[in-house]
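Notes for the one structure printed next.
What follows draws every value from the coordinates through simple rules; no lab data is involved. Everything numeric here is computed off the predicted structure, so don't read it as measured data. Neighbour counts are summed over all protein chains in view; Cβ atoms, including those assigned to glycine, are modelled from backbone coordinates with ideal geometry.
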Amino acid sequence: MGQISLSAVTKSFGDVNVIPPLDLQINDGEFVVFVGPSGCGKSTLLRLIAGLEDISSGKILIDGKDATDAAPAERGLAMVFQSYALYPHMSVRKNIAFPLKMAKLSQAEQDRKVENAARILNLSNYLDRRPGQLSGGQRQRVAIGRAIVREPAAFLFDEPLSNLDAALRVTMRQEISELHQTLKTTMVYVTHDQVEAMTMADKIVVLNAGRIEQVGSPLELYRSPRNLFVAGFIGSPKMNFITGAEAKKHNCDTLGVRPEHVEVQADGPWTGVVGLAEHLGSDTFLKVNVPGVGDLTVRVSGEMNLHHGDQVTLGPQSGKLYRFDANGMAL
Amino acid sequence: MATEHSRTAARLMVSPAVILLFLWMIVPLGMTIYFSFLRYNLLMPGMESWAGFDNYYYFITQPAFKSALVNTLLLVAGVLLITVFGGIALALLLDQPFRGQGIVRVMVIAPFFVMPTVSALVWKNMFMNPVNGIFAHISKSLGFQPFDFLSHAPLASIILIVAWSWLPFATLILLTALQSLDREQMEAAEMDGANWLNRFIYLTLPHLTRSITVVILIQTIFLLSVFAEILVTTNGGPGTASTNLPFLVYAQSLLNFDVGGGSAGGIIAVILANIVAVFLMRMIGKNLES
């Protein structure tokens, strides 16, 4: 079981209100990702759930029980930290066994659970090493191992991949997703990387300045963003926003169109000059300056041979335009 | 940079300093060793003669030597105990956030800047004096007989005085170590269900071992040669109750005018200090590695 619900939770540090009243329901077995720009309060929100910070007002229920004032250890949650927070003077085995030792389990039981966790995470050969002798990815796995052995109601991940290099990040991302498939335990994952959010999440919570902008599945957020912030944050490269006369033609204040939804069309409405072409091989990202519209980022096939200074005529795919009103809400 | 030529030049350049330092060390040591084999008494100048190992024999067999040896070790051990445990406790307290932290930290460090003779005089006359001292006033106001610290517990009193001046040193080093403890590790342990005591035992103490080792090693070097506090307060007495090895060497050479015997004592003290150092490095030196 791992059901977490927050109702009217707020947090302020002194006079600074970091999280205005916030409601959120996390269901059992879900992989929930908190995503947002840095400083949006996503880590604070995770620490509130973990119990490492006291909430200023509101209520946190874990599995239906009021956990608002419960100590971190009593909540039955396990956390994986950004710095891994391994105990440097203990071997991997002792690190993983530490929560069990604190729970006063018998030595035999501890050994059994540690071996089991090490097998799941491919750490069996490293059990007698110190954290300092491990690579970043292995340390990450030890930190996850320390979380697994407690058999928590939910896992909390605080930007766990941000200290790894790009290749390892992709591998660990998949490992964590697979772990979620195997364990089927609730996971709450904080990241600023929308790719991680899109690939891993069952449910994404987009946060901005402590407010929840939108909650939904990755594709829901991609297909129907509720407002300008979500539209701009989800998707890479960023959605193009067009304002002014061009937007007025479509009866809105801001017109949004994703780079992958703009095509080179002979009779398209926008004609401009290629300012920058980034050739990735499979795709080419063009930055096209269209007079009266502004810069448009366009994703075209890698086969298309366009370079700086070329003139192109562009048009949106039908039905792929997003319209927003003056308050930035989707129409 | 490190060509053969520049290396030769570098050796040439540092050699005056190295030679000077070496002489600085070896000349006094050599003279002390030389004097220790002479029958050399200041009351009979010009009558020096070869004595062989007689000085060593008489220095070691005098009854004061054994008590001086024991006192030296007791003094070191006593001060180390107080400063390490007290230092950890004070460092834990000072690590807590509170108002006026900066001022309190400066005040805690202040005793270290008071020179040994001054602190010993202050303790002797203002605190431990059985007539005018604060402790005497306190015990009188509570209806007890004042306790004459320096005559009835001379060594313990000196340990207290020395520990008072070394406590800030230990506190300061341990406090800086505490401040480098990773906060996320503490939080991880908190989530793992470790209470305050467990966090202290399994995280804080292992983190502090290296600093504790440094404190013990450095303090031992200085505590083996405590002298001023003894000279100012008890003069080694009553009897030899508070005489340690350095004080015995002083008494032998400058109170008994026996330079030969004093030199022999000095060499014995050097050997003992080395034994203690080897012993300590064996015991705790491995904490400094990695």
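Would you mind checking region A:29-45 for residues with the amide N under 12 Å from a putative spin-label position 7 Å along Cα→C-beta of A:T199? Those under the cut-off are none; the list is empty.
For an R0 of 30 angstrom, estimate the FRET efficiency from the Cβ-Cβ distance between B:L254 and B:L217 and round to the nearest 0.05.
Numbers: r = 30 Å, r/R0 = 1.01.
Calculated transfer efficiency: 0.50.
Counting Cβ atoms of other protein chains within 10 Å of each residue's Cβ and taking the mean over peptide A:80-90 gives 5.
Our estimate of slack between A:T10 and A:D54, defined as 0.36 nm per intervening residue step minus the Cα-Cα distance, is 14.9 nm. With a cut-off of 13 Å between beta carbons, the residues surrounding B:G260 carry a summed charge of -2, where Lys and Arg count +1 and Asp and Glu -1.
List the longest stretch of chain B that has no exposed loop site; here a site is one of the GluC sites (Glu not before Pro) assigned by DSSP to anything other than H, G, I, E or B, with at most 16 other Cβ within 10 Å.
Answer - B:49-288.
Taking a sphere under 14 Å around the Cβ of A:V300 and counting the other residues whose Cβ falls inside, with K and R at +1 and D and E at -1, yields a net charge of -3. Of all beta bridges DSSP finds with both residues in the protein assembly as shown, what is the antiparallel percent, to the nearest 5? Approximately 75 percent, going by the DSSP bridge assignments.
Net charge of the neighbourhood of B:P154, taken over other residues with C-beta under 12 Å away and scored Lys/Arg +1, Asp/Glu -1, is -1.
Near the amide H of A:D295, within less than 5 Å, lie the amide hydrogens of A:V290, all on another chain or at least 5 residues away, with H placed in the peptide plane.
Per-residue ellipticity at 222 nm, computed for the protein assembly as shown from helices alone with -39500 (n - 2.57) per DSSP H run of at least four residues, works out to -14500 deg cm²/dmol.
Which of the three applies to the protein assembly as shown, rounded, prolate or oblate, going by the alpha-carbon gyration tensor with a ≥ b ≥ c and a/c under 1.5 meaning rounded? It would help to have the intermediate numbers written out before the result.
Working: a/c = 3.01, a/b = 2.32, b/c = 1.30.
Because a/c hits 1.5 or more and a/b exceeds b/c, the protein assembly as shown counts as prolate.
By its C-alpha gyration tensor, with a ≥ b ≥ c as the square roots of the eigenvalues, how is region B:53-288 shaped: rounded for a/c under 1.5, else prolate for a/b larger than b/c, else oblate? It is oblate, given that a/c is not under 1.5 and a/b is not larger than b/c. Only lysines eight or more places from A:K238 in sequence, or on another chain, were considered; those with a Cα closer than 22 Å are A:K42, A:K203, A:K248, A:K287, A:K320. Of all DSSP bridge pairs formed entirely within region A:68-218, close to 35 percent run antiparallel. If you average the sequence gap of Cα pairs under 8 Å that are 6 or more apart and divide by the length of region A:40-164, what percent do you get for the contact order? Averaging sequence separation for qualifying contacts and normalising by length gives 36 percent for region A:40-164.
May I ask you to derive the FRET efficiency for B:L21 and B:V278 from their Cβ-Cβ distance with R0 = 30 Å, giving the value to the nearest 0.05?
Numbers: r = 23 Å, r/R0 = 0.77.
Rounded to the nearest 0.05, the efficiency is 0.85.
For chain B, the membrane-span-like helix rule (DSSP H, alpha carbon extent of at least 18 Å along the helix axis, mean Kyte-Doolittle at least 0.5) picks out B:4-36, B:63-95, B:154-179, B:205-223, B:259-284; this says nothing about an actual membrane.
Mind running the shape call on region A:238-327? Use the C-alpha gyration tensor, a ≥ b ≥ c as the square roots of the eigenvalues: rounded below 1.5 for a/c, prolate if a/b tops b/c, oblate otherwise. It comes out prolate by the Cα gyration axes.
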